[in-house]
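This report refers to the structure that appears directly beneath it.
The values are calculated or read from the model by the stated rules, or taken from the named source; none is laboratory data. None of these values were measured; they are calculated from a predicted model. Glycine gets a Cβ as well: all are built from the backbone with ideal geometry, and neighbour counts include every protein chain shown. Ligands, DNA and RNA are excluded from the accessible area calculation, which covers all protein heavy atoms including side chains. Shrake-Rupley method; radii C 1.70, N 1.55, O 1.52, S 1.80 Å.
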Amino acid sequence: MLGKLGLAIIALGTVRASLAQTPRVSAPISSVSYEITADSSSVGRRQLGVVMSFTVTGTAPVTLALPAWSPGHYTLLWFARRVSQFSAQSNGLLLDWRKLDFQTWEIKPRSAGTVRVTFNYLADAVDRAVAWTAPNFAFFNGTNLFLYPVGRGFNWPAHVSVRTEASWRVATGMDSAPGTNNFVAGNYHDLTDMPFYVGRFAIDSTQIAGKWVRLAFYPAASLTTARRDRTFAWLQKLVPAEIAVFGEAPFRNYTIFQRSDTVVNGGGLEHQSSQVDEVTTSQLDASYLPGLYSHEFFHAWNVKRLRPADLVPYRYDDAQPTTWLWVSEGVTDYYGALALVRGGVNDSIGFFNSVGNEIASVAGAPPTAVSDASLSSWINPTDGSSGLYYPKGGLTGFLLDIMIRDATDNRTSLDNVMRRLYDATYKRGKGFTGADWWGEVSRAAGGKSFTEFARRYVDGREPLPVDSVLLLAGLRAESDTIREPRLGIATGTDNTGVFVTQLSPTGAAAAAGARSGDRFVSIGDVMISNDDSFDAFRTRYAGTTVTTLPLVVRRGGETITLQLPVRLTVRVQTRVLPIPNAPERGARIREGILKGTTS
Ligand SMILES: [Zn+2]
């Protein structure tokens with residue numbers, strides 16, 4: 001997953017209420033199918049209709065549960081809370097049922113035969129793990145809707161059919177089955193890892209490294225020709241750089257599901273052959289996007305396939321903590337940034353800036369073991385360490401890469417660790433343990449021990465040895481305290497520019513008299529056309545002694561000049577820079593990292 005750091009995720013508590021009764025193992029069921037209704041009538045009510053059908057061999061109770069979370073989104077969301085009008089019937093007769101806990105239903109068949117379970121699902125949550133509807137559109141994850149029989153494992157096939165308007169599209173990574181809008185999955189893990197878009201959205205596809213890659217964008221107008229061409233050009237560069245790490249593209253095809261409007265949160269959620277991205281309109285044409293695509297795409301290997309043993313197999317009924325999210329998310333961040341520079345989307349300055357931002361994020365957080373930060377994902381801690389496994393995990397991956405290359409005179413790298421771990425664990429049907437990870441790191445580094453490194457910097461809270469390790473790659477970090485102007489606003493973007501969506505009542509823009517809906521023209525001498533313009537504004541007026549700046553906006557057909565009070569806030573900026581005339585060995589390591597090569 002990738003989200004905005006510090007964005008509070010509202011989750012229900014993790015403490016279970018006492019169970020009415022411990023869910024028992026379900027009677028066996030077979031011939032499982034789901035019919036989802038997402039037509040203009042149902043989405044107009046913000047509802048999805050769900051019918052689950054299956055066969056039973058007798059009258060033993062069937063216990064069915066809905067997941068409590070979606071893999072990749074490490075927080076408990078309890079999808080059952082969105083269910084209404086639950087009902088079960090067989091041969092036209094209603095069956096008795098009762099709830100056993102938050103998410104589990106016990107159904108009592110009257111005879112052998114087919115049972116139909118029906119319910120409505122409230123689809124109004126702006127969250128990339130939760131179903132959402134608009135008057136012409138529906139999005140859902142399988143974890144939201146697909147009940148499973150308790151205690152029967154997940155290795156059973158299922159059919160899905162979608163009932164929708166004849167003129168609406170359906171997109172999913174699931175395999176098609178005969179008929180219209182029919183799909184099939186071989187097991188429950190695959191079934192719930194294939195999100196759906198239904199309705200009016202734009203779709204386009206291209207081939208990358210021999211695989212079809214699709215863009216499914218909502219609203220349809222957000223997929224302009226220019227954005228399509230630009231996005232495909234980025235993917236043509238970054239995807240091969242990611243494939244090169246593992247030596248294969250393990251998906252049959254791949255889909256980027258992207259939803260953009262002013263209410264989305266911004267961020268992505270990975271799946272085995274797709275990513276679901278929420279993009280604010282102000283991010284649509286900003287430099288943020290290729291990094292998001294790259295990060296989520298790398299998850300197709302790292303976490304969807306190469307995965308900590310703690311997460312194999314997924315359980316769906318409760319939290320599944322691991323101390324290894326720093327590898328699953330942080331190292332994904334590292335390779336997401338590397339793929340951009342190795343593929344030629346970004347230059348090395350862009351990559352080193354991302355490392356610099358990680359150094360600053362870690363320095364600004366309380367001393368926290370990155371393994372503890374991983375574990376705490378589920379409780380979204382309030383001490384400033386929430387999500388720290390992203391920047392600290394990414395930085396740790398970078399330092400390990402340098403140390404491995406240094407130990408072998410640049411003959412091996414972290415790429416070797418990722419590839420070997422992928423082959424030795426995922427390809428053999430299992431997850432990786434701490435012994436697997438550190439064993440491969442040590443092996444790649446020619447037998448060098450990382451026991452002390454793990455004890456002090458991964459499982460311990462000592463500051464990472466950033467300066468001494470950067471030196472091995474001919475790099476140094478330099479921090480500046482900068483005072484830069486802040487506006488106190490949230491913005492949206494459409495095809496005519498950037499507008500104000502929210503104002504902090506105590507912010508500079510509110511003090512200037514700006515209003516929600518105002519369209520930006522310029523601030524001082526900086527023209528404002530998208531999210532990146534605000535970076536240019538902050539850089540232009542960092543440390544300024546000017547006390548007010550003209551803020552030009554369009555409001556109701558008029559162009560208005562407001563007087564913006566300049567309010568500077570302090571931020572530490574860290575830059576990573578090549579050391580001029582660094583020893584040849586360090587320069588070689590640095591180039592090897594940027595190019596994905598060894599000597
Ligand atoms: Zn992620």
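Here are the numbers for this structure:
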| read-out | value |
| --- | --- |
| Enumeration of residues in region 88-100 that are modelled with pLDDT of 95 or more and either among the acidic types (D, E) or surrounded by fewer than 13 Cβ atoms within 10 Å (Cβ to Cβ) (or both) | L93, L94, D96, R98 |
| Conditions (1) at pLDDT 95 or above; (2) over 20 Å from A337 (Cβ atoms); number of the one not met by T493 | (1) |
| Within region 468-491, tally of residues that are within 21 Å of E591 (Cβ to Cβ) and either surrounded by 15 or more Cβ atoms within 10 Å (Cβ to Cβ) or not polar (S, T, N, Q) (or both) | 10 |
| Residue among V263, V279, V213 that alone is of a type in the set (A, V, I, L, M) and touching a residue at least 60 places away in the same chain (Cβ under 8 Å) | V263 |
| Test: residue in region 242-264 that is within 15 Å of the ligand (Cβ to nearest atom), assigned to a helix (DSSP H, G or I) and either more than 22 Å from F154 (Cα to Cα) or β-branched (V, I, T) (or both) | yes |
| Condition broken by S413, with the remaining ones in (1) surrounded by 22 or more Cβ atoms within 10 Å (Cβ to Cβ); (2) over 29 Å from the mean Cα position of the chain (by Cα); (3) not aromatic (F, W, Y) satisfied | (2) |
| Residue within region 61-73 that is farther than 26 Å from R163 by Cα, within 16 Å of the ligand (Cβ to nearest atom) and out of contact with any strand residue (DSSP E or B) (no Cβ under 9 Å at 6 or more places or on another chain) present | no |
| From the options S273, S282, residue that is more than 11 Å from the ligand (Cβ to nearest atom) and at pLDDT below 95 | S282 |
| Any pair with Cβ under 8 angstrom, 6 or more apart, that starts in region 229-243 at a residue that is modelled with pLDDT of 95 or more and ends at one that is surrounded by fewer than 21 Cβ atoms within 10 Å (Cβ to Cβ) and part of a helix (DSSP H, G or I) | T231/L289; W234/L289 |
| One residue from V62, V50 being more than 29 Å from the chain's Cα centre (by Cα) and open to solvent by less than 10 Å² (accessible area, probe 1.4 Å) | V62 |
| Test: residue in region 520-529 that is open to solvent by 30 Å² or more (accessible area, probe 1.4 Å), without any contact (Cβ under 8 Å) to a residue 40 or more places away in the chain and closer than 30 Å to P580 by Cβ | no |
| Tabulated pairs, region 434-452, first without any contact (Cβ under 8 Å) to a residue 60 or more places away in the chain and aromatic (F, W, Y), second open to solvent by 40 Å² or more (accessible area, probe 1.4 Å) and in a helix (DSSP H, G or I), C-beta under 7 angstrom, 6+ apart or interchain | F450/W438 |
| Pair list, Cβ under 8 Å, 6 or more apart: region 49-71 residue within 17 Å of W132 (Cβ to Cβ) and free of Cβ contacts under 8 Å to residues at least 60 places away in the same chain, other residue in a loop (DSSP other than H, G, I, E, B) and of a type in the set (F, W, Y) | none |
| Given (1) more than 14 Å from the ligand (Cβ to nearest atom); (2) out of contact with any strand residue (DSSP E or B) (no Cβ under 7 Å at 6 or more places or on another chain), number of the condition G291 does not satisfy | (1) |
| Residues of region 416-445 satisfying the condition of being charged (D, E, K, R) and open to solvent by less than 60 Å² (accessible area, probe 1.4 Å) | D436, E440 |
| Strands (runs of 3 or more DSSP E) wholly inside region 537-594 containing at least 1 residues that are open to solvent by 90 Å² or more (accessible area, probe 1.4 Å) and either closer than 21 Å to V355 by Cα or without any contact (Cβ under 8 Å) to a residue 12 or more places away in the chain (or both) | 558-565, 568-578 |
| Identity of the residue in region 300-316, open to solvent by 10 Å² or more (accessible area, probe 1.4 Å) and under 13 Å from Y426 (Cβ atoms), that ends up nearest to the ligand (Cβ to nearest atom) | K304 |
| Of residues in region 49-68 being in contact with a Lys or Arg (Cβ under 9 Å, 6 or more places away or on another chain) and not in a loop (DSSP other than H, G, I, E, B), the one farthest from E106 (Cα to Cα) | G49 |
| Hey, A20 open to solvent by 50 Å² or more (accessible area, probe 1.4 Å), at pLDDT below 95 and over 23 Å from T192 (Cβ atoms) or not | yes |
| Hey, D436 part of a helix (DSSP H, G or I), over 22 Å from T597 (Cβ atoms) and not small (G, A, S) or not | yes |
| Condition check for A244: more than 17 Å from the chain's Cα centre (by Cα) and over 25 Å from N353 (Cβ atoms) | no |
| Members of region 446-467 found to be open to solvent by 30 Å² or more (accessible area, probe 1.4 Å), more than 15 Å from G356 (Cα to Cα) and outside any loop (DSSP other than H, G, I, E, B), listed by number | T451, E452, R455, R456 |
